[in-house]
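Taking it in order: structure first as C-alpha cells, then the write-up.
The values are calculated or read from the model by the stated rules, or taken from the named source; none is laboratory data. Keep in mind that what you see is a predicted model, and the values were worked out from it rather than measured. Here Cβ is always computed from backbone atoms with ideal geometry, including for glycine, and neighbour counts include all displayed protein chains. When the accessible area is computed, the model is the full protein with side chains, heavy atoms only, and any ligands, DNA or RNA have been set aside. Shrake-Rupley method; radii C 1.70, N 1.55, O 1.52, S 1.80 Å.
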Amino acid sequence: MCQYGVKTLLAILPSGGGALVSFVLTEKKIPFEVVTIDLEAKEHKAPEFRALHPFGQLPVLDEDGFILYEARAICRYIEEKYADQCTSLLPKGLKERALVEQAVSAELANFLPHAMKAAHEVTGQSPRGLNADQTVVDEAVAALAATLDVYEVLLGKHRFIAGDEFTLADVFHYAYAPLLAENGVDVMTKNGPNWNEVISYPTWRKLKAEGIKGTVI
Ligand SMILES: N[C@@H](CCC(=O)N[C@@H](CS)C(=O)NCC(=O)O)C(=O)O
C-alpha cells in the first residue's frame, strides 16, 4: 500500500528533464502540481524565475519552499525521500547502487547528448529552427545506434540497464527517447526485447496516454 506525499512541481515540460521528474513522481504515486512556464515569452529567463533557477532552465521542484533544480538531482531527492514508497528506483546495497551510478554516468555520456541533439534538431529547437539539418540528425542517430549496440550486449546479461530491477538509470532514458520516436526517429523499438521493456515501462505509457497532470494514478 502506498502512502501519498504532497508536492508542488514547478515548471516542467513533457520532454527533457521535466519528463523524468514527472515519471518518478508518478511511479512513486506522489501528487504534484504542474506550473507551466511560457518559454516563448522567455518567462524562464525573468528575474523571478532565475531566483529559483539561476540558469533560467526547467524543471524546478518547489516543495513547500524547498527549491531544487537539475532533473537528475530532483529525481534522486524524490527517490531518496520516498525510498520505500511504491517502486524503489535505487537499490540499497552499496555495490548495486554503484552499478546504477555507473549506468547513470554512461547514459549521460553516451545516450543523452546524441538523443538531445537529434531531438532538438527534429523539433525545431536547434539554431536552425524548423529547417532541420538531416546530417546532424543522421550523425546523432548513428551515435545513438552505437550506444544501443552496447546496450544490447548489457541487456543480454540483465533485464534492465543496471541490473534486473528497473532503476533511475532506466528512467533517465525517457528525457528524449519518446520525443524522438514521436518525431520519426525511432530509438524506442530497435534492439532486443529488453530494450523495449526499458523504454516502454507502464508508467510512461500511462503518462503518455493521460498527459502529465500531476494526479495520483
Ligand atoms: N541539466 C538540466 C538541463 C535543463 C534544460 O536544458 N532544460 C531545458 C528544457 S528541457 C530548458 O530549460 N531549455 C530552455 C533554456 O535552456 O533556455 C536538467 O537536467 O535539469
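Testing LYS92 on (1) open to solvent by 60 Å² or more (accessible area, probe 1.4 Å); (2) within 16 Å of the ligand (Cβ to nearest atom), one condition comes back false. Which one is that? The single condition LYS92 does not satisfy is (2).
Residues in the stretch 53-82 that are open to solvent by 40 Å² or more (accessible area, probe 1.4 Å), assigned to a strand (DSSP E or B) and within 9 Å of the ligand (Cβ to nearest atom): how many? Number satisfying all stated conditions: 1. With respect to (1) within 16 Å of the ligand (Cβ to nearest atom); (2) open to solvent by less than 50 Å² (accessible area, probe 1.4 Å), the lone exception for ALA106 is condition (1). Of all residues in the stretch 128-154, those satisfying the criterion of being touching a helix residue (DSSP H, G or I) at 6+ places or on another chain (Cβ under 7 Å) and either modelled with pLDDT of 95 or more or among the small types (Gly, Ala, Ser) (or both) are ALA132, ALA140, ALA143. Every condition in (1) touching a helix residue (DSSP H, G or I) at 6+ places or on another chain (Cβ under 7 Å); (2) away from the ligand (no atom under 16 Å from the Cβ) holds for LYS117 except the one numbered (2). Scanning the stretch 168-214 for residues that are modelled with pLDDT of 85 or more, over 14 Å from SER15 (Cα atoms) and not in a helix (DSSP H, G or I) yields a total of 2.
For ILE37, are the conditions met, namely being more than 20 Å from ALA169 (Cβ to Cβ), within 14 Å of the ligand (Cβ to nearest atom) and in a loop (DSSP other than H, G, I, E, B)? When the stated conditions are applied, ILE37 passes them.
Among residues of the stretch 137-160 that are closer than 14 Å to LEU112 by Cα and open to solvent by less than 50 Å² (accessible area, probe 1.4 Å), those with a Cβ under 9 angstrom from a residue that is part of a helix (DSSP H, G or I) and of a type in the set (Phe, Trp, Tyr), sequence gap 6+ or separate chain, pair up as LEU148/TRP195; TYR151/TRP195. Those residues that are touching an Asp or Glu at 6+ places or on another chain (Cβ under 8 Å) and closer than 19 Å to THR147 by Cα, I need them from the stretch 122-136; list them, please. Across the stretch 122-136, the qualifying residue is only VAL136.
Taken over the stretch 1-34, the criterion of being in a loop (DSSP other than H, G, I, E, B) and modelled with pLDDT of 90 or more is satisfied by LYS28 alone. Residue under question is GLU121, and the condition is that it be surrounded by 12 or more Cβ atoms within 10 Å (Cβ to Cβ) and modelled with pLDDT under 95; does it hold? Against the criterion (surrounded by 12 or more Cβ atoms within 10 Å (Cβ to Cβ) and modelled with pLDDT under 95), GLU121 qualifies.
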